[in-house]
Amino acid sequence: MPRCTVLVVEDEVVIAMDLQATLIELGYDVQAIATSGEEAIQQAAALQPDIVLMDIHLGQGIDGIEAAQQIVEALEIPIVYLTAYADEATLTRARETLPFGYVLKPFEPRELKANLEIAFYKHQFDQLLKSNRQWLLGVLNSISEGVAATDAEGLIKFLNPVAEGLTGWSEAEAIGKSLEEVLRLVHEFSQELVENPVMQALKQGKIINADTNMFLANRIGETTPVIPSAAPIQEAQGKTAGAVVVFRDMSEQHQLQAQLEHNAMHDSLTQLPNRALLFDRLQRAIERTQRSPDSGFAVMLLDIDRFKFINDTFGHTVGDELLVAVAPRLLEQLRSVDTVARLGGDEFAILLEDVTDPKVTVKTAQRILHAISQPLPLTNHELQVTGSLGIVLSTSVSTNASDLLRDADIAMYQAKACGGNCCELFDQAIHQQAKHRIHREGELRRAIAQVAFQVYYQPIVNLATRQLVSTEALIRWQKPDGSMVPPDEFIPLAEELGLIAPIDQWVLQTASRQLQTWHPLQPAQAQPLKISINLSSQQINQNASLIELENALEALGAVRQNIRLEVTESVFIKNIDRATELFRRFQASGMQIWLDDFGTGYSSLSYLHRLPIDGVKIDHSFVAGMDGDPNKLEIVRAILSLCHILNKDVIAEGIENNAQRLLLMDLGCQYGQGYLFAPPIPADQIPLWFDTGQETPAHSRSSR
Ligand code: C2E
Ligand code: MG
Ligand code: MG
């Protein structure tokens with residue numbers, strides 16, 4: 001063990017030498033002898049002795065107490081005074097330097113040794129305690145959580161740097177302050193003070209883990225989310241000496257949570273509210289309006305015109321960029337209380353709060369349309385778009401969010417139908433129409449799937465003899481209740497929905513099979529019965545359905561000789577050359593082509609000769625008006641004489657009385673159909689006509 005080193009401070013050289021000899025004898029290593037206070041300070045700093053043995057009265061300069069003070073402060077080297085003075089004033093001054101020993105001269109060597117030994121070990125123990133404390137402080141200061149400690153009364157005794165940062169108090173300022181003042185825990189929403197877990201830990205003497213939704217309000221009122229937990233500090237005797245509280249800064253987790261919540265309610269592309277948030281706000285607006293009926297709101301649905309085209313032409317990145325650019329344009333036109341949401345694709349919804357005047361709403365809608373129609377500068381392009389906007393007001397009959405959005409959607413489609421760049425207010429009549437249409441569409445699709453149709457046949461007769469020459473196949477839709485829906489009520493819808501092809505082909509097949517069952521029933525000498533089948537121009541103008549039609553016709557084989565396909569002039573409008581070529585092929589395979597409803601369409605008599613047709617059917621509107629309206633009579637006359645010249649057959653439609661029949665015969669018309677002879681009738685009644693001449697069979701009249 002190294003020997004304990006001593007610095008001797010003594011102005012009397014003889015005494016100093018004597019002292020040195022004694023110390024060496026006692027086993028100490030005397031490093032040096034200083035004779036003044038100043039020298040003592042210097043030597044202590046240079047030699048770092050274990051102990052300074054200090055005389056108090058030194059000849060000149062500072063005295064021993066002053067020198068000791070500086071040495072203790074700067075170097076923490078323990079001082080043992082060795083002096084002849086023990087008066088009160090000297091003792092009091094010496095005490096302030098916290099000496100480790102005080103030996104009075106003259107002294108016994110044993111007494112000096114005891115003093116020095118105690119001083120040496122006490123100082124070592126102090127150093128150990130100090131370094132332990134430093135170490136503990138280091139631990140507390142380097143942990144990432146805030147740590148604060150209080151005494152048993154709840155007064156602050158310690159704050160680590162994290163706690164200093166979070167509370168805004170320095171440890172020095174905080175010490176001695178009440179915990180509630182320094183560590184202000186408030187409730188997340190109300191911002192009201194909540195009970196500090198430290199106080200609970202002190203009261204209950206156990207660890208308290210606090211509620212997770214707590215916020216720490218710092219000195220200037222800013223809050224940080226924290227999860228504090230507090231524990232009492234127990235002394236060895238079981239006494240509570242205070243409490244320690246540890247609290248973690250939860251800002252990052254909170255931000256993450258907030259981000260997740262935001263994502264659930266917002267569209268990731270535009271950062272606008274999404275459908276869920278819109279629904280929520282709309283629901284509140286509805287409830288508000290129900291509580292105070294004077295208030296009102298409006299919902300708008302905006303769709304970018306031809307967005308698909310932009311996406312297809314410029315790519316999705318540009319499409320996305322466009323949507324992002326549109327969002328602020330919308331927001332600029334609205335107040336902060338309004339909501340702009342993106343529902344998906346290019347569809348935006350707008351909730352206008354507190355509007356009751358439809359005019360104001362429409363004005364806003366027009367402003368929005370104008371705003372988005374201004375050029376949009378994107379990264380590599382400058383695009384210009386327009387939108388279609390549907391509006392529904394809170395005064396509408398719909399009372400829930402999804403119905404209101406549906407209504408706005410209907411109005412938006414109405415706006416689209418106007419050609420885009422316009423807005424439409426939802427109105428109930430449109431709604432009813434749309435509802436009816438949707439209902440009809442569903443019904444029609446089911447009818448096609450279940451083949452809920454029937455073909456009726458209307459006799460076409462020789463006007464002079466009333467003999468049956470042909471029949472026209474006319475479809476009926478049989479409803480589950482047995483009623484028959486006439487074709488005018490569903491054929492246009494089927495055409496619109498692109499469902500006409502399967503219908504027409506079914507009629508074609510049913511009617512031609514029917515014809516084959518009739519032929520053997522006809523009298524032996526009779527001309528084989530013909531059948532007229534209506535073809536929608538859509539079937540012919542759409543390539544895919546045309547191929548199917550041609551295959552179906554091909555499969556019919558020989559029966560085609562007796563088939564007359566009725567088409568309207570519209571088939572020639574789109575592409576006359578294509579239609580001409582097609583019909584010539586049909587004619588070559590034995591079928592006839594008849595022009596239906598002649599007179600109602602373009603009815604250009606001048607090009608009739610160019611069309612590949614075998615005959616013309618004069619529309620019933622001319623036949624019906626013929627006896628009263630000289631113009632109509634003249635038209636019928638002109639059609640008949642032209643067809644005569646062109647060698648085309650003519651059938652007059654819709655003959656309802658004998659006067660019309662006679663007039664038509666006078667004008668040279670040979671064939672006709674109409675209620676005068678028979679309405680469209682079920683297939684089983686047609687054979688009753690096979691043998692008939694002058695008179696119409698009695699039963700057919702009643703069975704339309
Ligand atoms: P259309 O081809 O001109 O058929 C004649 C229409 O006149 C039939 O109406 C017939 O019932 C009606 N009619 C017959 N006699 C008289 C009469 O004396 N007075 C009056 N006012 N009308 C008479 P329907 O059966 O209601 O058919 C209407 C239209 O539906 C047809 O007109 C035709 O364009 C279309 N259609 C019928 N069946 C089919 C089909 O299978 N396919 C296609 N694409 N269209 C069909
Ligand atoms: Mg027809
Ligand atoms: Mg017709």
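The values are calculated or read from the model by the stated rules, or taken from the named source; none is laboratory data. None of these values were measured; they are calculated from a predicted model. Cβ atoms come from the backbone with ideal geometry, glycine included; neighbour counts cover every protein chain shown. Ligands, DNA and RNA are stripped out before the accessible areas are found, and what is left, the full protein with its side chains, is counted by its heavy atoms. Shrake-Rupley method; radii C 1.70, N 1.55, O 1.52, S 1.80 Å.
So is residue 584 part of a helix (DSSP H, G or I), loosely packed, with under 14 Cβ neighbours inside 10 Å and either within 14 Å of ligand 2 (Cβ to nearest atom) or not aliphatic (A, V, I, L, M) (or both) or not? Spell out the reasoning first.
Values: part of a helix (DSSP H, G or I): yes; loosely packed, with under 14 Cβ neighbours inside 10 Å: yes; either within 14 Å of ligand 2 (Cβ to nearest atom) or not aliphatic (A, V, I, L, M) (or both): yes.
So residue 584 passes the test.
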Counted residues, the stretch 587-611 - those being of a type in the set (A, V, I, L, M) and buried (at least 20 other Cβ atoms within 10 Å of the Cβ): 4
From the options 662, 676, residue that is over 21 Å from residue 593 (Cβ atoms), surrounded by fewer than 18 Cβ atoms within 10 Å (Cβ to Cβ) and within 16 Å of ligand 1 (Cβ to nearest atom): 662
Where a residue in the stretch 529-557 is in the same structural domain as residue 690 (by TED's automatic domain parsing) and its partner, wherever it lies, is within 15 Å of ligand 2 (Cβ to nearest atom) and of a type in the set (Phe, Trp, Tyr), with Cβ under 8 Å and at least six apart: 531/457; 532/594
Residue in the stretch 476-492 that is out of contact with any strand residue (DSSP E or B) (no Cβ under 9 Å at 6 or more places or on another chain) and assigned to a helix (DSSP H, G or I) present: yes
Output for the stretch 42-87, where each listed residue is crowded, with 23+ Cβ neighbours inside 10 Å and part of a loop (DSSP other than H, G, I, E, B): 49, 55, 58, 78
Unique match (being of a type in the set (D, E, K, R), open to solvent by less than 20 Å² (accessible area, probe 1.4 Å), under 22 Å from residue 564 (Cα atoms) and within 16 Å of ligand 2 (Cβ to nearest atom)) among 614, 619: 619
Which listed residue, of 512, 483, is over 43 Å from the mean Cα position of the chain (by Cα), surrounded by 12 or more Cβ atoms within 10 Å (Cβ to Cβ) and more than 10 Å from ligand 1 (Cβ to nearest atom): 512
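Give 540, 503 a once-over and let me know the one that is assigned to a helix (DSSP H, G or I), open to solvent by less than 50 Å² (accessible area, probe 1.4 Å) and under 19 Å from residue 458 (Cα atoms). So that I can check it myself, show each step before the final result.
Working: 540 fails: under 19 Å from residue 458 (Cα atoms).
Answer to the check: 503.
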Matching residues, the stretch 308-345, being touching a Gly at 6+ places or on another chain (Cβ under 9 Å) and at pLDDT 95 or above: 323, 326
Checklist (1) open to solvent by 30 Å² or more (accessible area, probe 1.4 Å); (2) more than 30 Å from residue 530 (Cβ to Cβ); (3) outside the structural domain of residue 353 (by TED's automatic domain parsing) applied to residue 418, failing item: (3)
Number of positions in the stretch 431-452 that are open to solvent by 20 Å² or more (accessible area, probe 1.4 Å) and in contact with a strand residue (DSSP E or B) (Cβ under 8 Å, 6 or more places away or on another chain): 1
Yes/no for residue 638 being within 60 Å of the chain's Cα centre (by Cα), open to solvent by less than 50 Å² (accessible area, probe 1.4 Å), of a type in the set (A, V, I, L, M, F, W, C) and away from ligand 2 (no atom under 16 Å from the Cβ): no
